[in-house]
Structures are given as structure tokens and as C-alpha cells.
Amino acid sequence: MTTLAAVLAAEIAAHGPLTVAQYMAAALGHPRHGYYMSGDPFGREGDFITAPEVSQLFGELIGLWCVVGWRQIGQPSSVQLVELGPGRGTLMADALRAIAVAPDCRAALDIHMVEISPSLRDAQRATLDGVAVAWHDQLASAPEASLLLVANELFDALPIHQFVRTVGGWRERLVDVDQASGGFRFVLATGPTPALALVPDDIEAPPGAVVEVSPACVSLAHEIARRVVSFGGLALIVDYASEQGPLGDTLQAVRRHGRHGVLDDPGSADLSARVDFPTLMRVAREAGAGAFGPVNQGDFLLALGIEARAEALAKNATAAQRDDIAAAVHRLVDPGAMGALFKVIAIGPADAPAPAGFETVA
Ligand code: SAH
């Protein structure tokens, strides 16, 4: 049993079953035993690999997107470049290298990172050696100012609630201790729970169907949109997308590049749920912002010129490096790899033209 499993079992014994959101928040973010709180989960040696770790092209193209975005919002002389959930800091390092081609833009940027994990902050500090960075526990504590914001695979780590359709209506799925095995098991709430009010009224689903709602995703999208509306700016959100809006059980655990039981060994595996982009876009629009997308990550990167950039990179590369570059582009862009599973949205001012990469869906 992991230490966190013992902590959660004691909590359940004292206060009753946990919501899936409470379980997920603890498994990922428990201050001492949460998955992100120690170690380095990324890369080939770790548990999973993210787009910036696949290739420098990803962060570089996002850096160029920021330069174009900065010009679109009127080239403010001072703007925050905010990254949410920066992992090892790879995306930011690659983005800043690309942004250096536009010294006027680079000079306007103050770098802010929102990161809950002390060990990943250390990793980011090492990657961004020599760059002035301000870290925050949450976006709300970053200064209120115009911003260019980037979040890759952050929203999928935010807690979700799950509800199961029963003949008596939706009931929240809870995590209880299985007395027989000593492990955890899912149970259904016997009556209404507070988050039940968040299940959309208009969802038709047969008994047994699951819906997921994430107050954490919704409030973060609202906060991004509020800042864009109040101070000006643009935000880019890239994530593992839900295909059916809130419908479907998408909670998954990954460890050492393989599937792991969601309730097994909390704190030792990554937990994530697919992101309901249409809901985030609706939230942004209700806050007075414009929302663009969702577009497939592959189409977005092609529109930003990943092929030309890969060719330029390949010019000075060895044959083996050229193969690596081609494999990385395939992995990021191909619909059978990450290209369609991951989607991208942008949030900007309501009257703004479509940001780069979104022209075809504006
Ligand atoms: N963007 C990086 C890492 C993705 S993993 C990449 O693409 O490689 C998720 C990241 O978000 C980690 O850095 C994790 O520590 C951080 N994180 C998780 N929950 C968070 C929260 N609630 N607020 C801020 N950061 C969070």
C-alpha cells in the first residue's frame, strides 16, 4: 500500500467515501505524497511523454505563435508570458529560444509560471537557468495584467467529478475502501451530492452512462477569459480532448508508459481525464471573451509551419537525427498518433481576428 493510500483510507474511515475529484486532487497534488510532488514523471524514462518532450519543434512553434499573438494584441510594451503546469520547463525554454528572433517581443515579456510541485519548480529553474521567472501556486496569484498564456496537458490533470446514470437519475461516483481487499472501490452516492447541480440538464443517457464535470477546469477557463477581457491577451490551451463533451468515463491512470488501475496505488501513477473543450469555450464566451477551435493538434502545428521548421532543423543534422526529427513530426501531427487525440483552443478578445492556426475554423 502506498503511504497516500493509507492516508486516504484513514480519511474515508473518519468521514466517509471521497468524491472522484477529492481522490484525484489528492493522488496528484497531496502536498507530501501526490504524484507530481516528487520525482520526474516525464520522458522516455518516466511514466509518460508529452509533446514538448517529443521535440523542440513543439515549444518553438508555440513561441512563434506568441510572437504573432503579441503583434495581434497591439504589441504591448509589457505583457506576461504565463505557462500553466510547465513540467520540466522544456516548452518554455524552446519557446523563448524561438521568441528571441523578435527582440522587441522578448523585451516586453515577463515570465510567470503556475506550478504546484516544488520538485518540478526545481526542474524548471534548472532548465531555464538565467531566465527571470516568477512562480505562482495558482493563476489567481499572478499579477493582474495583459497576458500571453500557454497550457499544455494541465487541464487534464485538474480534478473531475463523475456521475453515473441510474433509474433514479444521476448519482455521484465515490471512492470507498473495499473491506474485503483493503484496496479502494467505486460506490454510488445514495442521494444527491453538492456537485450534482453541475450535471447539465439536457444530457440524455441510458442507465450506466457516466458524465464528468470539472469545476476546477471551468473556474480556470473563466479566470483566463476574465484576464483576457480585462487586460488584453491571448491564451492557448492544448490537451487530450473528450470526443463526446461531458459524456463518457475518461479517467485513466498511466505508469511507465502503460495503463494502471485508477484506484491502485494512488500517488504512484499519473491520473488524467479528457478535457471537455466545448464547455471551456462556452465558459470563456460567457465571460465576454472570444474562443477559437477546437482544432486538432496536428492541423494546428501544420498551419504554424512544422514541416518547414523540421526541414530547416534537418539541414544541419546527422542522418540519425534526421530520422528522429521525422519520427517526432509524425508523432505530433499524425491523426493516429497525437495529432487528433490532442486538440487546441485559443481564448482572446471577443472582437479579435482568429489567432494563428485557427483561421480555418474562425
Ligand atoms: N506542460 C508540461 C507538463 C504537463 S504535466 C508538458 O507538457 O510537458 C502537468 C503539469 O501541471 C505538471 O507540471 C504538474 O506539476 C502541474 N500541475 C498539476 N496540477 C496543477 C495545478 N492544479 N496547478 C498548477 N500546476 C499543476
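No lab work stands behind these numbers, since they all come straight from the coordinates. Predicted, not measured: the structure shown is a model, and the values here were computed from it. Note that each Cβ is placed from the backbone with ideal geometry, even for glycine, and that neighbours are counted across all protein chains shown.
Using the Cβ atoms and a cut-off under 13 Å, what net charge is assigned to the surroundings of P353, where Lys and Arg are +1 and Asp and Glu are -1?
On the way: positive: R71; negative: D351, E359.
Residues near P353 contribute -1 overall.
Any idea what angle helix 3-15 forms with the longest principal axis of the chain, computed on alpha-carbon atoms, 0 to 90 degrees, nearest 10?
It is inclined by approximately 50 degrees.
Quickly estimate the mean residue ellipticity at 222 nm for the chain, helices only: each DSSP H run with n ≥ 4 gives -39500 (n - 2.57), and the total goes over all residues, rounded to 500.
Working: 12 runs with 129 residues, N = 362.
About -10500 deg cm²/dmol.
Please report the antiparallel percentage of DSSP beta bridges with both residues in region 219-362, rounded to the nearest 5. Before the final figure, lay out each step's value.
On the way: 18 of 19 bridges.
Of the beta bridges lying entirely in region 219-362, close to 95 percent run antiparallel.
Given the options P103, P278, P118, which has the most mean-square fluctuation in a GNM of the chain, springs set between C-alpha atoms less than 10 angstrom apart?
P103
Across 10 Å bins from 0, what is the distribution of all Cα-Cα pair distances for region 43-176, in whole percents?
Spelled out per bin, shortest first, that is 11, 38, 28, 12, 8, 2, 0.
In which sequence would K343, K315 go, from the one with the fewest C-beta neighbours within 10 Å to the one with the most?
Working: K343 24, K315 7.
With the sparsest Cβ surroundings first, the list reads K315, K343.
Quick one: order L188, L128, L220 by neighbouring beta-carbon count within 10 Å, fewest to most.
On the way: L188 15, L128 19, L220 23.
Least crowded to most crowded, the residues run L188, L128, L220.
For the chain, with equal point scatterers placed on the C-alpha atoms only and solvent neglected, what are the log10 I(q)/I(0) values from the Debye formula at q = 0.15 1/Å, to two decimals?
The computed values of log10 I(q)/I(0) come out as -1.37.
List the equivalent ellipsoid semi-axes of region 261-362 in whole Å, largest first, each obtained as the square root of 5λ for an eigenvalue λ of the Cα gyration tensor. Can you show the working numbers first?
Values: eigenvalues 174, 120, 19 Å².
Calculated on Cα positions only, the semi-axes equal 29, 24, 10 Å.
Can you report the principal axis dimensions of region 146-241 using only the alpha carbons, biggest first, rounded to whole angstrom?
Reported extents, whole Å, longest axis first: 53, 34, 22.
Any chance you could give the angle, 0 to 90 degrees and rounded to 10, that helix 56-72 forms with the longest Cα principal axis of the chain?
The angle comes out at about 70 degrees.
Taking only Cα atoms, what is the 0 to 90° angle, nearest 10, from helix 319-333's long axis to the longest principal axis of the chain?
For 319-333 against the chain, the angle is about 60 degrees.
From the square roots a ≥ b ≥ c of the eigenvalues of the alpha-carbon gyration tensor of region 209-338, which class results: rounded (a/c under 1.5), prolate (a/b over b/c), or oblate?
Taking the square roots of the gyration eigenvalues as a ≥ b ≥ c, region 209-338 is oblate.
Return the percentage of antiparallel bridges among DSSP beta bridges fully within the chain, rounded to the nearest 5 %. If you can, show how the numbers build up before the last one.
Working: 34 of 57 bridges.
Here the share of antiparallel DSSP bridges comes out near 60 percent.
Fewest to most neighbouring Cβ within 10 Å: what's the order for M1, M37? Working shown, then result.
Numbers: M1 10, M37 18.
Ranking M1, M37 by Cβ neighbours within 10 Å, fewest first, gives M1, M37.
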